[in-house]
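Heads up, the thing below is written out as structure tokens.
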Amino acid sequence: MKIYEKAPAKINLMLDVLHRREDGYHEVEMIMTMVDLADRLEMSTLPRDTIIISSQVGYIPLDEKNLAFQAARLIKDRYNVRSGVYIHLDKNIPVAAGLAGGSSDAAATLRGLNRLWGLNIPVEELKALGAELGSDVPFCVTGGTALATGRGEILTPLPNPPQCWVVLAKLPINVSTAEVYGRLRSSQIPNHPSAGAMIEAIENGSFLGVCDRLGNVLEDVTLQMHPEVAHLKESMLKLGADGVLMSGSGPTVFGLVSKESKVSRIYNGLRGFCKEVYAVRLLTKG
Ligand SMILES: C[C@](O)(CO)[C@H](O)COP(=O)(O)OP(=O)(O)OC[C@H]1O[C@@H](n2ccc(N)nc2=O)[C@H](O)[C@@H]1O
Ligand SMILES: Nc1ncnc2c1ncn2[C@@H]1O[C@H](COP(=O)(O)OP(=O)(O)OP(=O)(O)O)[C@@H](O)[C@H]1O
């Protein structure tokens, strides 16, 4: 039997950092939502007690460093599953981009193996397992739109934001999430974006309200290291995006666009100097 799971990318509509914690993580307040740009996973049982990962791309690890591998090992260990699994990752989400590609693959693996092996693990338990793998994994288990607090693992579901186009652009630079958090001086953040105001805009179905309230305190850190990301943001705004923000720790920048007629102009304008550009829709739930 083969099981298929879709692993969508996330964007952060707002990301605030409150303070650095004793355990080295940062206390955050984030609003996350999914976009229709996804990896696809195919999973099947192997008779031998082994985990094998393959992918059509050559630039991700396929061993225990892969988050899908770690998710499979965690579920096998915790639920005493003797059989093995073969997982093929059809990667479409750019890697190390701030789009939680690896985290979403891990979450899809947890969901998929729960089905493949008939384990009946409740969703709250899947999220708790996800938290052992990474801060973004619990959100990726359920997807939708949510307020994430704690280190990102405490989730409060929110309604779908107003539907729109999302243009994503990633420059060919690598950003380490740990380094960005490490460079942040949480006591010196000049302007904290408001989760409450963003939630209000989402609940009122106000697209322009959402655009006005976009904010990410990690942006300044990444932009200081990579000024070309600021240039990318400016270009997206000049080309006509209604709201523009860096996702997560970057370097991907996304633009929210309400009018379909503007999307191709923005897409083509960005493609002039940036190879990785995607025009997708928000992935609404329900
Ligand atoms: C930037 C975001 O992607 C926004 O959604 C997340 O906050 C990071 O999520 P993630 O990549 O799943 O993060 P993890 O794999 O848990 O942690 C990577 C590293 O980021 C830092 N980290 C992460 C989350 C958090 N709340 N505080 C942190 O300081 C820690 O140094 C950690 O070692
Ligand atoms: N399944 C996977 N897909 C992509 N990268 C993976 C995977 N498993 C492990 N990695 C490794 O994880 C690192 C981060 O990749 P990923 O695409 O998850 O970053 P990200 O989008 O910035 O994540 P986040 O937004 O959660 O911080 C890469 O350097 C890659 O080598």
| What is the fewest-to-most order of 277, 253 by other Cβ atoms lying within 10 Å of their Cβ? | 277, 253
| query | Under 5 Å between amide H atoms, partner at least 5 residues away or on a different chain: which partners does residue 85 have, H built in plane at 1.01 Å? | reply | 46, 50, 51, 52
| message | Tell me which of 126, 140, 84 sits at the most positive position along the dipole axis of segment 2-158, charges placed on C-beta atoms (Lys, Arg +1; Asp, Glu -1). | response | 84
| request: Identify the chymotrypsin sites (Phe, Trp or Tyr not before Pro) of segment 60-152 meeting these criteria: DSSP loop state and at most 16 other C-beta atoms within 10 Å of the C-beta. | output: 79
| remark: One would report the antiparallel percent of DSSP beta bridges in segment 2-158, rounded to the nearest 5, as 85
| query | Karplus couplings for segment 32-43 from phi (6.51 cos²θ - 1.76 cosθ + 1.60, θ = phi - 60°), rounded to Hz, Gly and Pro as x? | reply | 10, 8, 9, 10, 7, 10, 9, 7, 10, 10, 10, 10
| remark: About its Cα centre, the chain carries a charge dipole, from +1 on Lys and Arg Cβ atoms and -1 on Asp and Glu Cβ atoms, whose size in debye to the nearest 20 is 700
| query | Pick from 89, 168, 13: which residue has the top mean-square fluctuation in a GNM of the chain where Cα pairs under 10 Å get a spring? | reply | 89
| In which sequence would 34, 225, 246 go, from the one with the fewest C-beta neighbours within 10 Å to the one with the most? | 225, 34, 246
| query | Do any trypsin sites (Lys or Arg not before Pro) in segment 1-61 lie in a loop, going by DSSP, with at most 13 other beta-carbon atoms within 10 Å of their beta carbon, and if so which? | reply | 21, 48
| Debye log10 I(q)/I(0) at q = 0.17, 0.21 Å⁻¹ for segment 165-281, Cα point scatterers | -0.86, -1.19
| note | Quick calc, segment 165-281, dipole around Cα centre from Cβ unit charges on Lys, Arg (+) and Asp, Glu (-), nearest 20 debye, gives 360
| Per residue of the chain, what 222 nm ellipticity follows from adding -39500 (n - 2.57) for every DSSP H run with n ≥ 4, rounded to the nearest 500? | -10000 deg cm²/dmol
| query | Which of these, 72, 128, 38, has the largest mean-square fluctuation under a Gaussian network model of the chain (Cα springs below 10 Å)? | reply | 128
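Here, each number is a calculation from the coordinates, and none is a lab measurement. All figures in this text were calculated on a predicted structure; none of them were measured in a lab. Reconstructed Cβ throughout: ideal geometry from the backbone, glycine too, with neighbour counts over all protein chains shown.
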